[in-house]
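Quick notes on the structure that follows.
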Amino acid sequence: MKTTREKKPAIHARVKPVEHRKPAAKKAAAPAKKPSKKASRARPAVVIARAAPPVVAPPVLPALSPAPLAVAPATATGISSSYANVVVQAPAYDPASGLSAFNALAPNRAALTKVQVAHVDIQAGAMVALGAYAFVMQVPALCAQFQKLAAAGLFLMPTLSNLKTASFAAVYAFNQAEVAGAYATNATVPAAIISEASAVEKRMQARCEYVFANDPTVRPLLDMLRPGTGYNDLANDLLGYASIYESKKSQIATTNDPNYLPTDLADAKSYAGQILSYLTASMNPKAKAAYDQLQQSWTLLLSIYAEVQAAGLWLLRFDPQRATRFPSLTTMARATATRKKKTATAPAPIATAPTASSTTAPQPIAATPTVSTAARVP
């Protein structure tokens, strides 16, 4: 018997029935937590209200005038008029004042650890320092400016009186060294050193005279440095040319002049030092002791004068002649020594006039600066 199968209807696509869900019920808010014991004990934060800073209005500057702006006070620009007609007279030196000054500075000489050795006319250098001291003390306007520097903590007024004391002590030490025979030496320097030193001097002289033939500041020094006679003269000439080479390096250096050798500057210092060492070694014990005290006195004078010179040059910065008021002691002393050797005549002395209390003890020196040790002055 045949069974008949029921035909199922064709299904062209299956569609998933849409489920209708009920919206989820909102969760109930969680109950608030009870504050902990620590939180309940904490102090509530206190906010401190601060007043706002007052608003400061900027200063109102005056309108610029059409006149040029001032660059320095009138006391500085016009200070040269205060000594236009002043005739400066240095304090008079006498052996008793020199001995008193020399003994007063004995502790300062003993405290020196380095000494500036110089074969120059120290007596002439001391007189230049005395002239600078007198210039400051005899020009009231300038002395007042030094006092203002001292009031501002930029200068020590006792330095001025110490300058006079150190100058007197240097003159006394120079005279004692001369009496002891420190400058009357019969030393013999090896001929090889003299020959090589003379060759260096000849080249340096030719180079300097070519470059500075018309230089009003260097030319007078070159006239003094022309070769003379004696070992001391040769050593001083070498140091003089070396100082020019150092201060005018940019003008001296060249590649097209056979008279210029880059090694001449160092060689000049070296040969001068060797020559001076031979002169010193030949001294007897008394002369050597006096000579050592002279170099110590010169070292103290240089250090004290440098402080006065620096202040003076700044105060007179608008005076074109300021360098003649506070010149270099080393340059003046070397030039005078060279001139003495070549002309055999002493320089004109500085006008002197007696002053009261010339033997007054000096003020204590605040500090002794360290001075470079060398067998010559650069």
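Bear in mind these aren't lab numbers, they're just calculated from the coordinates by the rules spelled out. Just so it is clear, the model here is predicted, and its values are computed rather than measured. Here Cβ is always computed from backbone atoms with ideal geometry, including for glycine, and neighbour counts include all displayed protein chains.
Looking at the calculated P(r) for segment 191-281, what percent of the C-alpha pair distances fall above 20 Å?
Of all Cα-Cα distances in segment 191-281, 30 percent exceed 20 Å.
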| said: Just to confirm my numbers, what's the Cα centroid distance between segment 259-287 and segment 155-203 in Å? | reply: 13 Å
| query | Taking the highest mean first, how do the peptides 261-268, 301-308, 318-325 order by number of other beta carbon atoms within 10 angstrom per residue? | reply | 301-308, 261-268, 318-325
| said: With the cut-off at 1.5 for a/c, could you classify segment 69-112 from its C-alpha gyration tensor as rounded, prolate or oblate? | reply: oblate
| field | Relative contact order of segment 191-281, pairs being alpha-carbon contacts under 8 Å that are 6 or more residues apart, as % | value | 39 percent
| query | Which aspartates and glutamates does Lys269 reach when only Cα atoms under 19 Å apart count, and residues fewer than 8 places away in its own chain are ignored? | reply | Asp121, Glu196, Glu201, Asp233, Asp237, Glu246
| query | In this model, which of Lys248/Lys288; Lys114/Lys286; Lys164/Lys288; Lys164/Lys202 are farther than 31 Å apart at the alpha-carbon? | reply | Lys248/Lys288; Lys164/Lys202
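Specify whether the C-alpha gyration tensor of segment 100-250 places it in the rounded, prolate or oblate class, a ≥ b ≥ c being the square roots of the eigenvalues: rounded for a/c under 1.5, otherwise prolate if a/b is larger than b/c and oblate if not.
It comes out oblate by the Cα gyration axes.
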| Per residue, what volume in Å³ does the Cα convex hull of segment 149-227 take up? | 188 Å³
